[in-house]
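Here's the structure, in structure tokens; my notes come after.
The values are calculated or read from the model by the stated rules, or taken from the named source; none is laboratory data. What you see is a predicted model, and the numbers here were worked out from it, not measured in a lab. Every residue, glycine as well, gets a Cβ built from its backbone with ideal geometry; the counts of neighbours run over all protein chains shown. Remember, those area values only see protein heavy atoms, side chains included, never the ligands or the DNA or RNA. Shrake-Rupley method; radii C 1.70, N 1.55, O 1.52, S 1.80 Å.
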Amino acid sequence: MRTEILIVGAGPTGLTLACDLARRGVDALLIERAPALFPGSRGKGLQPRTLEILEDLGVLGQIRAAGSPYPAMLPWADGTAGDPFPLMPSPAATEQVPHPEVWMVPQWRTQEILYTRLRELGGQVRFDSALLGFQQDANGVTAQVEGLGTVTADYLVAADGGRSTVRRALGVTMLGETVDPRPSLVADVRITGLDRAHWHVFPKAPGGALALCPMPGTDEFQVYAQYEDGEPDTSADGVRALVAARSHLPADAVTDVRWASDFRPRAALAERFRAGRVLLAGDAAHVHSPAGGQGLNTSVQDAYNLGWKLGQILRHGADAEPLLDSYEAERLPVAADVLEISTSIHRGGALAGQPGSGPRRATRGEDTDQLAVGYRGGPLSAERRTGLADDELQAGDRAPDALLADGTRLFDALRGTHATLVTAGTDAPPLPAGVRTLRHDAYGPTDGRPTLYLIRPDGYIGLATETPTDLTPYLAALGLAG
């Protein structure tokens, strides 16, 4: 079997990448060793930047319908409820940030939505298809896949989780630490005796903190428990006994246990994200504490960063080496920073909504919404102007949304697989096919200098210049020279 991209692992990372490649007309084979999609609610918080990505992929409406804002946290002690408090700020939408709130959707539902979108785009997932081994050379990758035999591909992307078979086969080391040596348990249950308007927390429960969060669009709660000693019992009876021991509810209040798992929070980062024609993404490249809701979101952004680059290489003839090298150069520092944030929040009190105790004193909100994630100084960020203040829009920054003169949004114009030239105070020069142009005079420096902003297909400013001739070499690097 022949494919252009072999993706290993049909979690949020693999599904996002497969959707992005499918809409670019790139042939991708997505394999998953399990017989079905992951069934748990684990990564339930979608950050504002992830919502922008999902809007571009055409699934934001489904995500909105499937989820809700985070409920207020209701603390309990000795069977008595205290005063509710918000886990994080609830900022209002602005012209620049249309989706400012974290949106709660169970991970299994997010994956279902992406899977449906992939099938709409003509793709599919091959389940019960474990990667058995692979080799690579200068011309491609040859893999052995259970049930499919030999598969050849131009590139292989490892999206197969924290215990990545691909990463281990490459011999790539994970560097990091155990965030918390105590184990934790997470489960999806049906439970009676609690309202669904609050996230019920028992921070001083015997044996460790307990949290019961209602999952939107379902009749289930997510159970999250920390253990001060002992090991979690993930059986149905074990989960019932846990809830009874740490709350005022009886064991039979848990009427069904749909899924349960245990883990020890870790923070680990792969020493590299690329080895020849094999690339690591998502948990295969970085593993996070669940605090702060960073793991799934960072993984989706990995896929979004990589997808357009593979598309430019395979469909537009862009030079492969610099674009593939830029994936690690851009995403590895981001992952390292996000690991620090999630670790800080975890150690500061994952269930209490308190500031982190780590060196960054990270908190939920601006530290976690991932809107400030950018690539200033990176290999694809060409800032050709001088004398800019740090808070001015620059190459490498996320391109903020804006209202255009015709009443539409800039994000509407950016949506799709193309690059976009936004001009401020000047008209666009002639450009090759594959680059859209629009004028937005407020989208420029405060001193009003005419400026050209070339926005990459993933919504980040690649080039900012006052000189039109700078466009040609930059576009050529993306395979868009005309």
Fraction of accessible area attributable to carbon and sulfur, the range 410-449 (%, probe 1.4 Å): 48 percent
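If you average 1/r over every pair of different alpha-carbon atoms in the range 169-235 and take one over that average, what Kirkwood value in Å do you get?
Result for the range 169-235, one decimal place: 14.1 Å.
Between residue 190 and residue 81, what is 0.36 nm times their sequence separation minus the Cα-Cα distance? Round to one decimal in nm. Can you show the working numbers first?
On the way: separation 109, 0.36 × 109 = 39.24 nm, distance 2.05 nm.
Gain on extension, residue 190 to residue 81, equals 37.2 nm.
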Inter-probe distance in nm under a simple model that places probes 7 Å from Cα toward Cβ, at residue 325 and residue 255: 6.0 nm
Along each principal axis, Cα extent of the chain, largest first, Å: 71, 56, 39
Rounded, prolate or oblate (a/c below 1.5 giving rounded, otherwise prolate when a/b exceeds b/c) for the range 1-122 by Cα gyration tensor: oblate
Charge sum, other residues only, whose C-beta stays under 14 Å from residue 129's C-beta, Lys/Arg counted +1 and Asp/Glu -1: -2
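Express the accessible area of the chain per residue in Å², computed with a 1.4 Å probe while the remaining protein chains stay in the model. All intermediate terms of the calculation are to be shown ahead of the outcome.
Details: 18750 Å² over 482 residues.
Result: 39 Å² per residue.
If you count, for each residue, the other Cβ atoms within 10 Å and average over each peptide, how do 247-260, 40-53 line up from highest to lowest?
Numbers: 247-260: 16.4, 40-53: 23.5.
Top of the packing list down: 40-53, 247-260.
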Accessible surface of the range 194-330 [probe 1.4 Å, protein heavy atoms]: carbon and sulfur percent: 48 percent
Apportionment of accessible area to carbon and sulfur, the range 17-62, percent (1.4 Å): 53 percent
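Once you sort the root eigenvalues of the Cα gyration tensor of the range 1-63 as a ≥ b ≥ c, which label holds: rounded (a/c under 1.5), prolate (a/b larger than b/c) or oblate (the other case)? Write down the numbers at each step before the final one.
Working: a/c = 2.77, a/b = 1.28, b/c = 2.17.
It is oblate, given that a/c is not under 1.5 and a/b is not larger than b/c.
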Ordering of 232-241, 425-434, 269-278 by packing [mean C-beta count within 10 Å, highest first]: 269-278, 232-241, 425-434
Sum of -39500 (n - 2.57) over DSSP H runs of 4+, divided by residues of the chain (222 nm, nearest 500): -8000 deg cm²/dmol
For the range 408-413, 3J(HN,Hα) per residue [Karplus equation, 6.51 cos²θ - 1.76 cosθ + 1.60, θ = phi - 60°, Hz, x = Gly/Pro]: 8, 9, 4, 4, 5, 6
The range 378-482 shape via C-alpha gyration tensor axes, a/c threshold 1.5: rounded
